[in-house]
Amino acid sequence: MMAVQVLTITSDLFLQSRIIELAKSLGAIAKTVTSEEALIREANSSRPNLVILDLAASDYDPFSCAKRLKTMTPKPKILAVFPHIRTDLKLKAETEKVDYIIPNSSFLKTLKSILEKEARAK
């Protein structure tokens, strides 16, 4: 059984470490990149099951990333996090057909259940 592959794009070191710790505790493999080009390059080579995007990011365009990821074969699932007060970001992510759109406040709990579900599906 192959491990679930998670790819995240963030420059937030605290968030990076939380994602990596959680993934490791569930037997998944998490990689982090900090630019859109690195994200697409890594997604093409490692074929992740799940890509995590921060909708409020200022150092890359999460919606451009989502569009580019949606054209890949196989298509990774996309999990997008947003500050709960930014419902505009949530609505835009819904129009982009992002698989999981969750507020920052429930991110780690939701990520855990998604990773468990992905592991069972493998």
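Among the residues of the range 72-122, those that are within 13 Å of ALA56 (Cβ to Cβ) and aromatic (Phe, Trp, Tyr) comprise PHE82, PHE107.
Selection of the range 1-17 for residues being under 15 Å from LEU79 (Cα atoms) and either aliphatic (A, V, I, L, M) or not in a loop (DSSP other than H, G, I, E, B) (or both) yields VAL4, GLN5, VAL6, LEU7, THR8, ILE9, LEU15, GLN16. Here ARG68, ARG41, ARG18, ARG86 are screened, and the one residue that is out of contact with any Cys (no Cβ under 8 Å at 6 or more places or on another chain) and under 20 Å from ILE114 (Cα atoms) is ARG18. Taken as a whole, the condition of being under 18 Å from ALA121 (Cβ atoms) and in contact with a Ser or Thr (Cβ under 6 Å, 6 or more places away or on another chain) applies to ILE52. Counting only residues that are outside any helix (DSSP H, G or I) and either under 20 Å from ASP12 (Cα atoms) or touching a strand residue (DSSP E or B) at 6+ places or on another chain (Cβ under 7 Å) (or both), how many does the range 49-88 have? Residues flagged as outside any helix (DSSP H, G or I) and either under 20 Å from ASP12 (Cα atoms) or touching a strand residue (DSSP E or B) at 6+ places or on another chain (Cβ under 7 Å) (or both) within the range 49-88 amount to 24. Considering only residues in the range 89-100 that are in contact (Cβ under 8 Å) with a residue 24 or more places away in the chain and not in a loop (DSSP other than H, G, I, E, B), the one that is farthest from GLU37 (Cα to Cα) turns out to be LYS90.
Is it the case that some residue within the range 96-111 is aliphatic (A, V, I, L, M) and over 14 Å from the mean Cα position of the chain (by Cα)? No: the range 96-111 contains no residue that is aliphatic (A, V, I, L, M) and over 14 Å from the mean Cα position of the chain (by Cα).
The selection criterion, being under 14 Å from ILE78 (Cβ atoms), among the small types (Gly, Ala, Ser) and surrounded by 14 or more Cβ atoms within 10 Å (Cβ to Cβ), holds for ALA57. When the range 85-100 is filtered for residues that are loosely packed, with under 12 Cβ neighbours inside 10 Å and not hydrophobic (A, V, I, L, M, F, W, C), the ones remaining, listed by number, are THR87, ASP88, GLU94, THR95, LYS97.
Contact map, the range 26-45: residues that are closer than 15 Å to MET72 by Cα paired with residues that are at pLDDT 95 or above and among the charged types (D, E, K, R), Cβ distance under 6 Å, separation 6+ or inter-chain. Pairs shown: ILE40/ARG68.
One line per residue, one yes/no per condition, for (1) surrounded by 13 or more Cβ atoms within 10 Å (Cβ to Cβ); (2) more than 20 Å from LYS97 (Cα to Cα):
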{"position": "VAL6", "(1), (2)": "yes, no"}
{"position": "ASP12", "(1), (2)": "yes, yes"}
{"position": "ARG47", "(1), (2)": "yes, no"}
{"position": "THR71", "(1), (2)": "no, no"}
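The values are calculated or read from the model by the stated rules, or taken from the named source; none is laboratory data. Note that the structure is a prediction, hence the values are computed from the model and not measured. Virtual Cβ from ideal backbone geometry, glycine too; neighbours counted across all protein chains shown.
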